[in-house]
1. Are any residues in the range 258-280 outside any loop (DSSP other than H, G, I, E, B), over 26 Å from Ala220 (Cβ atoms), of a type in the set (Gly, Ala, Ser) and in contact (Cβ under 8 Å) with a residue 60 or more places away in the chain, and if so, which ones?
2. Would you mind finding the one in Thr231, Thr222, Thr191 that is outside any helix (DSSP H, G or I) and hydroxyl-bearing (Ser, Thr, Tyr)?
3. Any residue at all in the range 152-175 that's on the phi < 0 side of the Ramachandran plot, among the β-branched types (Val, Ile, Thr) and either modelled with pLDDT under 95 or assigned by TED's automatic domain parsing to the domain that holds Ala17 (or both)?
4. Look at the range 24-39 and say how many of its residues are farther than 18 Å from Glu65 by Cα and among the β-branched types (Val, Ile, Thr).
5. Quick one: what pairs do we get from the range 1-15, first residue without any contact (Cβ under 8 Å) to a residue 40 or more places away in the chain, second not basic (Lys, Arg), C-beta under 8 Å, 6+ apart or different chains?
6. I want to confirm something. Restricting to the range 171-193 and keeping residues that are touching a residue at least 24 places away in the same chain (Cβ under 8 Å) and within 14 Å of Tyr247 (Cα to Cα), which single residue is surrounded by the fewest Cβ atoms within 10 Å (Cβ to Cβ)?
7. In the range 189-216, what residues are among the aliphatic types (A, V, I, L, M) and within 19 Å of the chain's Cα centre (by Cα)?
8. Could you say which residue among Thr283, Thr272, Thr295 is buried (at least 18 other Cβ atoms within 10 Å of the Cβ), more than 17 Å from the chain's Cα centre (by Cα), of a type in the set (Ser, Thr, Tyr) and over 23 Å from Ala170 (Cβ atoms)?
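The values are calculated or read from the model by the stated rules, or taken from the named source; none is laboratory data. Please read all numbers here as calculations on a predicted model, not as lab measurements. Note that each Cβ is placed from the backbone with ideal geometry, even for glycine, and that neighbours are counted across all protein chains shown.
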Amino acid sequence: MPTPLRVGTRSSPLALAQTDSIVTLLTHHDPNLDIEIIPVSTTGDQDRDSPLQALGRGAFVKEIEHALLNHKIDIAVHSAKDLAPDNTDNLSLVTAGEREDPRDVLVSSDGSNLSELMPGARLGTSSLRRLVQVKELRPDLIVQPIRGNVGTRLQKVQGPDYDAVILAAAGLKRLGQLDVVSEFFDPSKFTSDVGQGTLVVQHRSADSQLGSSLASITHAATSAAFRAERTFLAAIGGGCSSPVAAYAHIDGDHLRMSAMAGLPDGSQVFRTTCEGNFSSPETAGQLLGNKLLSTGAKEFLGG
């Protein structure tokens with residue numbers, strides 16, 4: 001490992017908490033490791049007004065990747081769901097640690113769950129994936145865009161403009177704020193984003209020795225699920241603007257996957273599932289992508 005090991009990350013409280021968890025893993029394996037945290041401002045952090053779908057996947061990692069390629073940092077820590085669909089040339093990814101809770105959660109101002117919200121209640125999310133699934137379950141709700149870090153969005157729930165928001169359980173847990181959750185959604189029915197709850201460490205591919213050292217903090221089941229979900233994304237055309245999602249669950253030697261795609265207005269939702277083997281996650285991801293395209297989703301996914 002370089003000394004000090006320069007770790008790049010976003011500067012939000014959640015990103016720093018995620019990075020701290022990776023630092024803990026690294027120092028557990030090498031107590032003498034000297035680490036320097038280097039916050040990097042990204043396009044997604046700077047642009048707080050544009051819809052997330054307009055920014056595209058990768059908006060929260062591009063500048064960090066540039067810093068890595070330009071040798072300003074040695075490794076980067078990302079939330080896996082922030083990654084662009086295609087791997088960046090000359091950079092490699094390693095899953096880090098065990099996947100945190102992948103579920104989406106509802107946080108409401110009065111503790112109501114989704115079915116209990118009043119008709120016309122205002123629910124905040126900037127995720128098309130979440131919007132589609134909310135509209136499938138509660139078409140009578142008003143879904144409004146919301147931006148900002150976790151703390152900002154939680155504050156807005158207590159204000160006059162929102163009755164509830166949807167967030168990731170993983171982020172709330174890492175920030176020690178799970179007590180605000182009104183409802184946890186079943187990921188087989190309210191499908192999580194690709195990579196949700198998973199942290200990855202990115203390094204320059206040429207730094208093979210560093211890559212080998214990072215292998216010590218990987219978790220086999222997390223890695224398999226991540227590879228399956230990323231393969232699914234590539235199979236259906238990861239750059240598409242339509243809301244898509246996939247969740248892989250490892251149970252012993254078995255890998256079970258569920259996927260969702262929908263029209264942005266929530267008028268149509270397609271779902272499918274598949275089973276595979278823990279040892280061949282890419283095969284399961286490709287199968288799931290093919291099955292989703294065969295449901296009719298191909299017409300708007302462009303697969």
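1. Gly262
2. Thr191
3. Within the range 152-175, one or more residues are on the phi < 0 side of the Ramachandran plot, among the β-branched types (Val, Ile, Thr) and either modelled with pLDDT under 95 or assigned by TED's automatic domain parsing to the domain that holds Ala17 (or both).
4. Selection size over the range 24-39: 3.
5. Thr3/Asp34; Pro4/Asp34; Pro4/Ile35; Pro4/Glu36; Ser11/Pro39; Ser11/Val40; Ser11/Ser41; Ser11/Asp45
6. Out of the qualifying residues, it is Asp186.
7. Scanning the range 189-216 gives Val194, Leu199, Val200, Val201.
8. Going through Thr283, Thr272, Thr295 in turn, the sole match is Thr272.
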